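Visitor: Please find one structure pasted underneath; my questions will follow.
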């Protein structure tokens with residue numbers, strides 16, 4: 001399976017990365033090389049195998065649903081590229 | 001001088017922690033402009049921490065790491081000290097909190113020399129994807145001044161330790177990022193069992209694979225460091241709630257009676273004869289010390305890389321979604337919110353990170369999830385089963401760490417897949433979650449270091465340390481890199 005230019009553009013859009021037209025063909029070649037390499041996985045029969053999602057096949061631990069910290073707005077906002085009072089500020093979303 | 005030796009000298013008042021820190025600060029000032037092992041240096045913080053360490057030593061409350069100067073991979077959040085993950089997108093980021101692993105080290109009294117360079121977001125095998133420039137390997141081929149890569153992604157940590165710009169370092173390993181650079185720079189490094197070190201405060205790459213671990217010049221130093229770094233943390237849901245064993249004691253335990261597996265699948269076509277010969281030497285070193293050598297099979301080894309290059313980018317595409325210019329990091333203005341996201345990420349991420357985010361986005365996208373991601377997770381289960389089966393017969397597994405010695409800056413860069421092949425021997429362990437260590441075992445004909453890898457059972461780092469200690473003892477590796485502080 002090989003990615004065409006339109007698919008590369010669609011992936012970039014989904015990934016929220018702006019890509020110039022000139023970069024598309026380079027990315028297309030590189031991504032196809034990687035997908036070509038992983039193609040070998042199709043030769044294994046995986047019928048009945050349970051997928052492994054975690055690093056050590058461990059059960060996820062749950063914690064009590066209680067507040068463990070808070071009231072640290074200044075720390076949370078300290079790295080904001082733009083802010084208005086105690087809020088993160090972004091370009092207008094709704095006209 | 002090793003960490004263990006420095007601790008003795010500090011205790012005996014042969015020198016102070018302040019003197020030790022100052023000597024390292026001077027070495028860094030002299031050599032780091034060339035090696036680029038540190039993105040950020042913290043000489044004043046080092047002196048402040050060293051002074052506190054001296055007070056602790058004087059008060060008789062010192063621990064083995066009190067006053068020991070370390071490099072911290074710039075993937076660990078350090079409160080009040082800029083943390084970039086070697087990405088331009090985090091250039092302005094100053095964490096308000098400390099990672100669990102580095103807090104453990106601070107509690108033990110270590111000294112921070114600075115934040116070590118790495119591949120951007122730990123994605124790479126040569127440190128060339130850093131947004132802050134590549135790292136030069138302090139080792140040189142005999143008769144050549146050509147710049148070699150230190151490996152990656154913990155390339156700055158490895159170069160700093162090898163060049164004596166730190167006594168030890170923190171690293172992280174997702175597909176080999178501690179072990180491969182350790183091998184390329186003639187030092188030791190261990191990726192512990194998944195869950196042994198908390199991931200809290202370590203900038204995430206691929207969360208089901210990422211593990212922190214130490215890098216140092218001896219196996220014992222790695223054991224001392226891991227003993228302090230490891231431990232339960234409720235803030236990481238995959239942190240293992242188990243006691244941390246005495247790793248240091250395990251180093252000299254010996255290998256008498258241990259069964260050591262030699263996997264046939266690692267003897268790949270085209271493997272360099274030097275690496276094959278070093279592996280054979282390692283086998284006889286262990287046999288001579290009383291270990292039983294057993295041929296084993298890890299049949300799905302050859303699929304490890306392909307599984308890794310689906311699973312890791314998939315997790316990365318999700319983890320790196322947070323870099324959107326809103327809450328922290330750099331922002332590039334756009335016409336609207338989406339345009340701001342896209343411009344911010346286009347400017348902030350380097351080429352390798354973009355490639356991996358896009359691959360990950362694709363393999364998780366509707367219509368392709370089952371064919372790529374789900375299939376990769378199933379084969380990951382088969383890779384774990386290979387190890388589980390092998391560990392019913394053997395106590396540890398011995399392999400080479402990497403298929404080659406350090407290569408030149410600019411080599412192997414024709415296409416991403418060629419670079420990925422570096423990780424062929426190191427990716428299976430993190431996929432299975434098992435601990436694995438690299439130790440320097442010899443030099444190639446050009447005078448460059450080569451590493452051997454020891455893989456152990458889940459949560460049995462002690463046996464890994466025992467085998468590593470035995471190999472280190474037999475190898476007697478004393479070679480030093482061309483570029484280093486006195």
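Visitor: I'd like to check something: does region B:328-340 contain any residue that is buried (at least 21 other Cβ atoms within 10 Å of the Cβ), touching a helix residue (DSSP H, G or I) at 6+ places or on another chain (Cβ under 6 Å) and farther than 27 Å from residue B:415 by Cβ?
Guide: Of the residues in region B:328-340, the ones buried (at least 21 other Cβ atoms within 10 Å of the Cβ) are B:328-329, B:331, B:340.
Restricting the remaining residues to those that are touching a helix residue (DSSP H, G or I) at 6+ places or on another chain (Cβ under 6 Å) gives B:329, B:331.
Imposing the further condition that a residue be farther than 27 Å from residue B:415 by Cβ reduces the set to B:329, B:331.
The answer is yes, given that some residue of region B:328-340 is buried (at least 21 other Cβ atoms within 10 Å of the Cβ), touching a helix residue (DSSP H, G or I) at 6+ places or on another chain (Cβ under 6 Å) and farther than 27 Å from residue B:415 by Cβ.
Visitor: Taking region B:26-47 as the region of interest, how many residues are over 23 Å from the mean Cα position of the chain (by Cα) and surrounded by 15 or more Cβ atoms within 10 Å (Cβ to Cβ)?
Guide: Taking region B:26-47 as the starting set, the residues that turn out to be over 23 Å from the mean Cα position of the chain (by Cα) are B:26, B:29-30, B:43-45, B:47.
Narrowing the set further to residues that are surrounded by 15 or more Cβ atoms within 10 Å (Cβ to Cβ) leaves B:43, B:45, B:47.
Selection size over region B:26-47: 3.
Visitor: Quick check: anything in region B:426-444 over 21 Å from the mean Cα position of the chain (by Cα) and more than 10 Å from every other protein chain (Cβ to nearest Cβ)?
Guide: Taking region B:426-444 first, the residues over 21 Å from the mean Cα position of the chain (by Cα) are B:444.
Subset that is more than 10 Å from every other protein chain (Cβ to nearest Cβ): B:444.
For region B:426-444, residues over 21 Å from the mean Cα position of the chain (by Cα) and more than 10 Å from every other protein chain (Cβ to nearest Cβ): present.
Visitor: Going by the conditions given, is residue B:325 facing chain A (nearest Cβ under 9 Å) and either under 30 Å from residue B:93 (Cα atoms) or in contact with a helix residue (DSSP H, G or I) (Cβ under 7 Å, 6 or more places away or on another chain) (or both)? Spell out how you get there, then give the answer.
Guide: On the way: facing chain A (nearest Cβ under 9 Å): yes; either under 30 Å from residue B:93 (Cα atoms) or in contact with a helix residue (DSSP H, G or I) (Cβ under 7 Å, 6 or more places away or on another chain) (or both): yes.
In short, yes.
Visitor: Is at least one residue of region B:384-391 under 24 Å from residue B:309 (Cα atoms) and in contact with a helix residue (DSSP H, G or I) (Cβ under 6 Å, 6 or more places away or on another chain)?
Guide: Yes; the residues of region B:384-391 include at least one that is under 24 Å from residue B:309 (Cα atoms) and in contact with a helix residue (DSSP H, G or I) (Cβ under 6 Å, 6 or more places away or on another chain).
Visitor: Just to check your reading of the model, which residue among B:429, B:470, B:475 is in contact (Cβ under 8 Å) with a residue 12 or more places away in the chain and over 28 Å from residue B:195 (Cα atoms)?
Guide: Values: B:429 fails: over 28 Å from residue B:195 (Cα atoms); B:470 fails: over 28 Å from residue B:195 (Cα atoms).
Matching residue, one of B:429, B:470, B:475: B:475.
Visitor: Given the residues B:227, B:231, B:261, B:270, which is the only one that is away from every other protein chain (no Cβ under 14 Å), surrounded by 15 or more Cβ atoms within 10 Å (Cβ to Cβ) and farther than 20 Å from residue B:454 by Cα?
Guide: Working: B:227 fails: farther than 20 Å from residue B:454 by Cα; B:261 fails: farther than 20 Å from residue B:454 by Cα; B:270 fails: surrounded by 15 or more Cβ atoms within 10 Å (Cβ to Cβ).
So the residue among B:227, B:231, B:261, B:270 that is away from every other protein chain (no Cβ under 14 Å), surrounded by 15 or more Cβ atoms within 10 Å (Cβ to Cβ) and farther than 20 Å from residue B:454 by Cα is B:231.
Visitor: Only one residue in B:282, B:254, B:290 is assigned to a loop (DSSP other than H, G, I, E, B) and not assigned by TED's automatic domain parsing to the domain that holds residue B:70. Which one?
Guide: Working: B:282 fails: assigned to a loop (DSSP other than H, G, I, E, B); B:254 fails: not assigned by TED's automatic domain parsing to the domain that holds residue B:70.
Selected residue: B:290, the only one of B:282, B:254, B:290 that is assigned to a loop (DSSP other than H, G, I, E, B) and not assigned by TED's automatic domain parsing to the domain that holds residue B:70.
Visitor: From the list B:210, B:221, B:246, which residue is within 14 Å of chain A (Cβ to nearest Cβ) and closer than 30 Å to residue B:107 by Cα?
Guide: Numbers: B:221 fails: within 14 Å of chain A (Cβ to nearest Cβ); B:246 fails: within 14 Å of chain A (Cβ to nearest Cβ).
When all the criteria are applied, what remains is B:210.
Visitor: Looking only at residues in region B:347-368 that are more than 8 Å from chain A (Cβ to nearest Cβ) and in a loop (DSSP other than H, G, I, E, B), which one is modelled with the highest pLDDT?
Guide: Among those residues, the one meeting the criterion is B:350.
Visitor: What number of residues within region B:354-373 are farther than 24 Å from residue A:91 by Cβ and buried (at least 18 other Cβ atoms within 10 Å of the Cβ)?
Guide: Taking region B:354-373 and keeping what is farther than 24 Å from residue A:91 by Cβ, we get B:355-356, B:358-360, B:362-373.
Filter once more, keeping what is buried (at least 18 other Cβ atoms within 10 Å of the Cβ): B:355-356, B:358-360, B:362-364, B:372-373.
The total comes to 10.
Visitor: For region A:24-50, enumerate the residues that are more than 8 Å from every other protein chain (Cβ to nearest Cβ) and either crowded, with 17+ Cβ neighbours inside 10 Å or touching a helix residue (DSSP H, G or I) at 6+ places or on another chain (Cβ under 6 Å) (or both).
Guide: Of everything in region A:24-50, those that are more than 8 Å from every other protein chain (Cβ to nearest Cβ) and either crowded, with 17+ Cβ neighbours inside 10 Å or touching a helix residue (DSSP H, G or I) at 6+ places or on another chain (Cβ under 6 Å) (or both) turn out to be A:24, A:28.
Visitor: Out of B:371, B:314, which single residue is more than 7 Å from chain A (Cβ to nearest Cβ), under 22 Å from the mean Cα position of the chain (by Cα) and in a helix (DSSP H, G or I)? Explain how you work it out, then say what you get.
Guide: Details: B:371 fails: under 22 Å from the mean Cα position of the chain (by Cα).
After ruling out the rest, the residue left standing is B:314.
Visitor: Condition first: in a helix (DSSP H, G or I) and either surrounded by 14 or more Cβ atoms within 10 Å (Cβ to Cβ) or in contact (Cβ under 8 Å) with a residue 60 or more places away in the chain (or both). Now tell me which residues in region B:8-25 satisfy that.
Guide: Within region B:8-25, the first condition is being in a helix (DSSP H, G or I), and the residues that meet it are B:8-11, B:17-25.
If the condition is that a residue be in a helix (DSSP H, G or I) and either surrounded by 14 or more Cβ atoms within 10 Å (Cβ to Cβ) or in contact (Cβ under 8 Å) with a residue 60 or more places away in the chain (or both), then B:9, B:10, B:11, B:17, B:18, B:19, B:20, B:21, B:22, B:23, B:24, B:25 are the ones that fit.
The values are calculated or read from the model by the stated rules, or taken from the named source; none is laboratory data. Only a predicted model underlies this, so the values are computations on that prediction, with no experimental measurement involved. All Cβ positions, even for glycine, are placed from backbone atoms using ideal geometry, and neighbour counts span all protein chains on display.
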